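In what follows, a structure is listed as structure tokens, so that the remarks can point back to it.
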Amino acid sequence: MRKIKFIISFLFVIFASLQLMEAEAATVENNFYGITDVQHDWKEYSTDINVFQTDSHDVTYWKNFMRYSRTCTISHEVKTIVYYCELHDHTKSETFLEDITHSVNHSH
Ligand SMILES: [Zn+2]
Ligand SMILES: [Zn+2]
């Protein structure tokens, strides 16, 4: 009876250590995709240009000895490039501020 108990506990230890090895293998796999110096095959997938109206301010100017006021809106042109990596089937995106435009042509 004692021997059977010993065998069962022995088997349990083996079983437990096997599970542990599996868990370790899973961690290694996760790290493979998580580490930054892994080689990627980034290819430009799509390019988007969006214009956001970010701010507005009042502009005063003089014309024919009269003082005028206009509201100038400031727009940010933002370019978004989406890259796709075929090796790991994932994407990344980069955004660039392309241009800042004022609706009223004025000196700053
Ligand atoms: Zn990748
Ligand atoms: Zn302006």
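What follows draws every value from the coordinates through simple rules; no lab data is involved. What you see is a predicted model, and the numbers here were worked out from it, not measured in a lab. When we count neighbours, we look across all protein chains shown, and the Cβ atoms used for this are built from the backbone with ideal geometry, even at glycine.
Here is a check on your reading of the model: is H106 within 16 Å of ligand 1 (Cβ to nearest atom) and either assigned to a strand (DSSP E or B) or over 22 Å from N50 (Cβ atoms) (or both)?
Taking the combined requirement at face value, the residue does not satisfy it.
If we scan the range 58-76, do we find a residue that is more than 16 Å from ligand 2 (Cβ to nearest atom), within 26 Å of the chain's Cα centre (by Cα) and surrounded by 13 or more Cβ atoms within 10 Å (Cβ to Cβ)?
No, the conditions are met nowhere in the range 58-76.
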